[in-house]
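One structure is given below, encoded as structure tokens.
No value in this document is a laboratory result; all are computed from the given coordinates. A quick note: this is a predicted structure, and the numbers were derived from the prediction, not measured. Ideal geometry is used to build each Cβ from the backbone, glycine not excepted, and the neighbour counts take in all protein chains shown.
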């Protein structure tokens, strides 16, 4: 064993001398050979096509739209209710019907949530859907159309913003008209009057719709934190409410968005100017911002309906 080690050591020292190299030259020679081999290997790997690029079986599926997601959620989680779909314009909407649980049927309340909100949202609509039947009202809860694309406008000038907002809201208004017409056909199957309870920007869009389509008017309208995202539309909302013969209960919250409170003050100003008698605005105390106190909300609605004869 010792002789073998000595033999290998001797070869290490003798071979470079025989070939004319010193030990340092031999070391760098072998290092350069090794580096060249590694570089050649890397270049060869780069020439090989990536396996992930070659795979054609990977497909990226577009996410489901919020509108379709709402439809799936309503159908899945509220399957015990009278859930059905209705055709309006180019889309199908989910509605939920709940019949009155009392012998004295007052009529039907149509519940339309704000943009991007479902009929089961806990801020107010879901509570009313469950509790109005105990007060003698059948309910039709309607899936709301999505917020219009490109609204509000972010253009640099006021004139451009006005024009772009008008362009964005026009097709939405046509879709909303089709939806309201289809829901009214459902409401005609119930005895008594029908009223509409709606939230936020959807309330403003409905007021505009009723102003230009008198045949769609309900017996009464209840709005929750009504308001739009642009000055011109909010001014139009205030004027339309003041000039309309439609009875309106305009509810807002003490802890509401600043724009909602400002818009409510504007509506009050126009209503007082026109001496609209069948309009009431009320600010409700709430603990959680954006959420209506449930029993107080129901009491206000029932009390106002009695004052106007229902």
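Expressed as cubic angstrom per residue, what is the convex hull volume of the alpha carbon set of region 70-307? Walk me through the numbers on the way to the answer.
Numbers: hull volume 29.7 nm³, N = 238.
Per-residue hull volume (Cα only) is 125 Å³.
Based only on other Cβ atoms within 10 Å, what is the fewest-to-most ordering of 244, 236?
Lowest count first: 236, 244.
Neighbour counts of other C-beta atoms within 10 Å: give me 127, 194 arranged from fewest to most.
Values: 127 18, 194 21.
Least crowded to most crowded, the residues run 127, 194.
Which value in Å is the Kirkwood Rh of region 220-265 over different Cα pairs?
Working: mean 1/r = 0.0908 Å⁻¹.
For region 220-265, the Kirkwood estimate is 11.0 Å.
Return an integer: the convex hull volume of the alpha-carbon atoms of region 78-155, in Å³ per residue.
Details: hull volume 8.8 nm³, N = 78.
Dividing the Cα hull volume of region 78-155 by its residues yields 113 Å³.
Suppose each label sits 7 Å from its Cα in the direction of the beta carbon; what would the residue 173-residue 102 distance come out to in nanometres?
The answer from the label model is 3.8 nm.
What percent do you get for the relative contact order of region 70-307 when only Cα pairs under 8 Å and 6+ apart count?
About 16 percent, as a whole number.
What ranking do 243, 184, 205 get, fewest neighbouring Cβ atoms within 10 angstrom at the top? Present the calculation step by step, with values, prior to reporting the outcome.
Numbers: 243 13, 184 18, 205 26.
Taking fewest neighbouring Cβ atoms as first place, the list is 243, 184, 205.
Ranking request for peptides 218-229, 159-170: highest mean number of other beta-carbon atoms within 10 Å first, then the rest in descending order. Kindly include the intermediate steps, with their values, before the conclusion.
Numbers: 218-229: 23.3, 159-170: 15.2.
Those peptides, ordered most packed to least, come out 218-229, 159-170.
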